[in-house]
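The values are calculated or read from the model by the stated rules, or taken from the named source; none is laboratory data. Here the structure is a predicted model, which is why all the values come from computation and not from measurement. Using ideal geometry, Cβ is built from the backbone for each residue, glycine included, and neighbour counts are taken over all protein chains shown. We work out accessible area using only protein heavy atoms, side chains counted, and drop any ligands, DNA or RNA first. Shrake-Rupley method; radii C 1.70, N 1.55, O 1.52, S 1.80 Å.
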Amino acid sequence: MGVTDPAGPVMDRDEVDRALARLGAEHEAIETSLLALQDHAGRRLLEGAELTGTTRERWTSAEASITLLWAYFDAYTDALRSAREIRARRRWSSREDLVELTELLRGESVTVAGSATATANAPTLLSAAGRLSERFSLTGLVDRMNELYATSLDMVVTADAVWSALPARIDLLAAELQRTRTLAHSVGVRPGEHPAGDDLERITRTLTRLREDVVSDPLAFWVPAPGSSAPGGGRPDTTVYDREARALEEVRREIDAVLTVRQDAEARLIRLRDVLSRADRTLAEARTARGEVLAKIAATEVPVVSGPPTVLQEQLATAAEYRRAAQWHRLSPLLESLEQKAEDELLRARESLTAVTAPLAVRAELRGRLDAYKAKVARHGLAEDPFLVERYDAARRMLWSAPCDLRVAEQAVLRYQQSVAEALGAPRVPQQGGPEDRRGE
């Protein structure tokens with residue numbers, strides 16, 4: 001919409017003709033803008049919607065502004081038509097005509113009458129309360145129309161932008177929500193039984209309320225652009241929508257995890273049974289080994305071997321029941337817990353077997369060391385040395401007797417090592433450690 005030139009002295013014919021041409025172009029531009037506003041999809045939606053809150057208040061004011069805009073435009077049209085008629089009286093306008101035209105084109109010659117309803121609902125439109133008419137110059141009238149047009153268009157464009165962006169996105173998310181709800185029910189994820197089911201109910205309520213609010217009060221979901229004066233400068237506020245979209249995605253991932261459990265539940269249950277079975281067998285082996293150690297090894301402490309944990313077997317039976325009942329949302333966390341506990345139980349059983357059989361390992365090491373030194377003596381031609389034979393036989397009797405006193409047997413092996421070292425002219429054997437082979441010397 002255009003702006004007229006400021007007022008001045010009496011205009012000549014050329015100035016009048018130029019002013020009329022400019023005003024005619026302005027008139028066409030204003031008419032085009034008003035018709036576009038009248039046909040704007042956002043304005044038609046606002047007229048037919050049941051509005052609330054901020055949008056209702058601003059639309060009441062905007063409707064009054066649009067009504068006044070047309071009143072101002074009609075007055076502008078009449079003034080332009082009158083000026084054209086005066087100019088058309090003569091080819092060469094008289095001074096009286098020029099004075100009249102100057103007053104009409106530059107003075108406050110336009111009177112606009114407005115309805116009481118329109119002036120009451122459009123703020124700051126009239127200079128004093130109760131006045132139902134105003135006087136304008138054509139310049140002032142265009143400025144006022146520009147002001148009203150900008151505020152009205154901003155309101156219409158803003159509401160249309162929110163309605164164009166948010167309801168459609170909410171509907172798409174609601175459709176995805178419905179598909180997720182159907183999938184959730186198929187795997188047993190229901191409200192009151194699983195947190196994801198409760199989340200789906202909350203998201204459903206929030207989206208329903210959000211759509212109602214967006215439709216009735218779109219301006220409540222608009223974030224103006226800082227420093228922007230253009231109509232519709234800003235963006236729709238999608239904070240609530242984005243939050244619920246993220247929440248739905250988290251629920252979907254949870255349901256996908258439950259679906260994965262349904263697909264490989266049997267294989268995981270088989271692996272669990274195998275791990276627990278191996279743990280039980282290892283514990284049984286540890287208990288058998290403990291009896292052997294107690295019978296064969298004397299003067300040593302052998303740790304007690306506990307039995308298999310019945311609670312894991314009970315939980316495994318519960319998991320199998322969940323699978324038969326298709327309660328996948330309950331089976332998923334139970335399987336994850338059981339898998340970790342089963343691995344821990346197998347590790348505990350192996351550690352128990354290692355601890356129980358440690359004395360037998362020590363005896364085996366001593367036997368191996370004794371035989372290694374005997375072979376060393378034979379290589380050096382001292383196999384028949386009576387002193388070494390005596391020391392060897394004493395150590396062997398202790399290691400192959402039952403129960404075997406490991407401390408005494410170890411001392412006997414060390415004495416045999418020292419005797420061998422002395423017989424071969426080597427340094428004394430330390431109290432701990434394996435045989436030293438000095439064949440190189």
Nearest-0.05 FRET efficiency for ARG379 and THR354 at R0 = 35 Å, using Cβ-Cβ distance, is 0.50
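Could you check how much of the accessible area of the stretch 224-333 is carbon and sulfur, as a whole percent, using a 1.4 Å probe? Display every interim value, and only then the final one.
On the way: 3130 of 6180 Å².
Solvent-exposed carbon and sulfur of the stretch 224-333 make up 51 percent of the total.
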Quick calc: nm separation of the 7 Å Cα→Cβ label points for THR260 and ALA361 -> 3.7 nm
Among GluC sites (Glu not before Pro) in the stretch 1-85, those in a DSSP loop whose Cβ has at most 12 other Cβ atoms within 10 Å are GLU50
For the chain the mean separation of alpha carbon contacts under 8 Å (6+ apart) over residue count, i.e. relative contact order in percent, is 13 percent
One quarter of the C-alpha convex hull surface, i.e. the mean projected area of the chain in nm², amounts to 44.9 nm²
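Fully extended, how many nm does the chain gain between ALA298 and HIS185 (0.36 nm per residue separation, minus their Cα-Cα distance)? If you can, show how the numbers build up before the last one.
Working: separation 113, 0.36 × 113 = 40.68 nm, distance 6.45 nm.
Here the segment from ALA298 to HIS185 would lengthen by 34.2 nm.
Between THR32 and THR139, what FRET efficiency follows from the Cβ-Cβ distance if R0 is 22 Å, with the result rounded to 0.05? Write down the numbers at each step before the final one.
Working: r = 20 Å, r/R0 = 0.91.
It comes out at approximately 0.65.
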Between LEU347 and ARG243, the two model label points (7 Å from Cα along the beta-carbon direction) sit apart by a distance in nm of 4.1 nm
Sorted by chain and number, the residues with a modelled amide H under 5 Å from that of ARG235, at a separation of 5 or more or across chains, are VAL223, ALA225
Those trypsin sites (Lys or Arg not before Pro) from the stretch 41-94 that are DSSP loop and have at most 11 other Cβ neighbours within 10 Å turn out to be ARG89, ARG90, ARG91
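Rounded to the nearest whole Å², what accessible area per residue is found for the chain with the 1.4 Å probe? Don't skip to the end; give the middle numbers.
Numbers: 23410 Å² over 441 residues.
For the chain, the per-residue accessible area is 53 Å².
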With 0.36 nm assigned to each residue of separation and the Cα-Cα distance removed, GLU108 to ARG281 gains 51.5 nm
With only helices counted (DSSP H, runs n ≥ 4, each -39500 (n - 2.57)), the per-residue ellipticity at 222 nm for the chain, to the nearest 500, works out to -25500 deg cm²/dmol
Zone reached by a paramagnetic label modelled 7 Å from ASP405 Cα along Cα→Cβ, restricted to the stretch 283-306 with backbone N below 12 Å, covers 298-300
If each part is reduced to its alpha-carbon centroid, the stretch 187-236 and the stretch 404-425 end up apart, in Å, by 86 Å
Once amide hydrogens are built 1.01 Å from N within the peptide plane, the residues lying 5 or more places from ARG190 or on another chain with amide H under 5 Å from its amide H are GLY197
Candidate cut points under GluC sites (Glu not before Pro) in the stretch 278-323, DSSP loop plus at most 15 other Cβ atoms within 10 Å of their own Cβ, are GLU301
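R0 = 30 Å: FRET efficiency of ILE270 with ALA326, Cβ-based, nearest 0.05?
On the way: r = 18 Å, r/R0 = 0.61.
Efficiency for this residue pair is about 0.95.
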Rounded to the nearest 10 Å², the 1.4 Å probe accessible area of TYR373 is 10 Å²
Residues whose modelled amide H sits under 5 Å from the amide H of CYS404, counting only those 5 or more places away in sequence or on another chain, are ILE297, ALA298
